[in-house]
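Asks: The structure is given below, and queries will be raised subsequently.
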Amino acid sequence: MKDSGPLLWLVDIEAYNFETEVFKGADIHGRALIASSQLWSIIREEQVLSVLIGPGYFKGRAIKNSIQVDIGKHLFAIMFDPTALRYDEPIPLVDIINPEVIDPMGVKKREEIVALINDLVVEKGNILTGDTIASIKGEGRPPTVAHYKEMMKRLSVSLVSGVQRARFILGGTNRPLYQPLVEGYNRMKYSSIERLDVMAIAFSKFANYADIDVMSDWMIVEKAGMGGTGTEAIREEYDSVLRVIEKNLDKFIFEL
């Protein structure tokens, strides 16, 4: 994944007993779009969590009793407990088992295939065919014969690029997610991690980068022995994703 750059992840999110600015103990339902190079594992003492790191946006609703509040958050990460991935309510969960993943860096490919083509042919007159489907003859008219003509043909198939696929998926029902992400990027909202939130589902709240209880002392398992550890490793990974996006701006940030 490092070779191809960040991927765009569309993740369905459902969480319970969540803290928001409006009230505590809310049910959260929504969807997140986040650019992350991969799904990471992080460890702190004996606690192991999963995290997607990169510029993102969450849009959904917080529901408590009969009150519903719309939520929109610019994110730098989504953090969750992988052991809580269940479809049984009311366990907090993130449905990331089968997320929709888009690779904007994917290029268009052309492949050749050999296909067996059946042409339906309708001819008039006294003709001989191997497999006649139907033969109709009216008074004073030449017969009409319908039959198949089989042929082998080499075809060139073009597979769409990642950008084309991204435009298609993000431009429809996911536009309410993608549009704020583009606008946030253009307003330099993602240029500093301190301006953003982590959706810390494992901690039942949105937290900022300075939240010690949520953010401190983590080590990215996959980066062990490669340098940075703790909170700084998360920052370094975020910055690396942002740099790739900036170098390939037309592939990640485009007008719909």
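Computed from the coordinates by the stated procedures, all read-outs in this text should not be read as laboratory data. None of the values given here were measured: they were computed from a predicted structure. Note: ideal-geometry Cβ built from the backbone for every residue, glycine included; neighbour counts use all protein chains shown.
Asks: How big is the charge dipole of the chain about its Cα centre, in debye rounded to the nearest 20, if each Lys and Arg gets +1 on its Cβ and each Asp and Glu gets -1 on its Cβ? Please list the in-between numbers first.
Replies: On the way: 30 positive and 36 negative charges, 251 e Å.
That gives a dipole near 1200 debye.
Asks: Short version: ³J(HN,Hα) in whole Hz for each residue of segment 185-200, in order, from phi by Karplus 6.51 cos²θ - 1.76 cosθ + 1.60 (θ = phi - 60°), x for Gly and Pro, what are they?
Replies: 5, 5, 8, 6, 5, 8, 6, 9, 5, 5, 7, 10, 10, 9, 7, 8
Asks: May I pose another question? Farthest toward the dipole's positive end in the chain, which of Val22, Leu159, Val122, given Cβ charges of +1 (Lys, Arg) and -1 (Asp, Glu) about the Cα centre?
Replies: Of Val22, Leu159, Val122, it is Val122.
Asks: Given the C-alpha centroids of segment 94-123 and segment 7-68, what is the distance between them in whole angstrom?
Replies: Cα centres, segment 94-123 to segment 7-68: 32 Å.
Asks: Pulled fully out, how much extra length does the chain show between Val101 and Val114, if you take 0.36 nm times their separation in residues and subtract their Cα-Cα distance?
Replies: On the way: separation 13, 0.36 × 13 = 4.68 nm, distance 2.99 nm.
Gain on extension, Val101 to Val114, equals 1.7 nm.
Asks: How much length is gained on full extension from Lys64 to Leu85, taking 0.36 nm per residue of separation minus their Cα-Cα distance?
Replies: Numbers: separation 21, 0.36 × 21 = 7.56 nm, distance 2.23 nm.
Fully extending the segment from Lys64 to Leu85 adds 5.3 nm.
Asks: Something else: Pick from Ile78, Ile34, Ile212: which is most flexible by mean-square fluctuation in a GNM of the chain where alpha carbon atoms under 10 Å apart are linked?
Replies: Ile212
Asks: Quick one: what are the phi-derived ³J(HN,Hα) couplings along segment 241-254, Karplus 6.51/-1.76/1.60 with θ = phi - 60°, whole Hz, x for glycine and proline?
Replies: Once rounded to whole Hz, the list reads 5, 4, 5, 5, 4, 5, 6, 10, 4, 5, 8, 10, 10, 9.
Asks: Right, next: List the pairs from Lys205/Lys247; Lys124/Lys153; Lys73/Lys189; Lys109/Lys251; Lys205/Lys251 whose alpha-carbon separation is above 21 Å, in the order I gave them.
Replies: Distance filter (> 21 Å) returns Lys205/Lys247; Lys124/Lys153; Lys205/Lys251.
Asks: Given that just one value was derived from the coordinates, which of (i) 135; (ii) 225; (iii) 179 is volume of the Cα convex hull per residue in Å³?
Replies: From the options (i) 135; (ii) 225; (iii) 179, the structure gives (ii).
Asks: So if we plug the beta-carbon distance of Ser216 and Lys24 into 1/(1 + (r/R0)^6) with R0 = 22 Å, what FRET efficiency do we get, rounded to 0.05? Before the final figure, lay out each step's value.
Replies: Working: r = 23 Å, r/R0 = 1.03.
Efficiency computed from Cβ-Cβ geometry: 0.45.
Asks: Give, as ranges by residue number, the residues of segment 186-207 whose backbone N falls under 17 Å from the point 7 Å along Cα→Cβ of Leu249.
Replies: Within reach of a label on Leu249: 186-192.
Asks: While we're here: Determine, for each peptide in 178-187, 114-123, the mean count of other beta carbons within 10 angstrom over its residues, then list the peptides with the highest first. List each step's numbers first, then the result.
Replies: Details: 178-187: 17.1, 114-123: 10.3.
The peptides rank, most packed first, as 178-187, 114-123.
Asks: Moving on. Got a sec to turn the phi values of segment 59-70 into Karplus ³J(HN,Hα) couplings, 6.51 cos²θ - 1.76 cosθ + 1.60 with θ = phi - 60°, whole Hz, x for Gly and Pro?
Replies: 9, x, 10, 9, 10, 9, 6, 9, 9, 10, 10, 6
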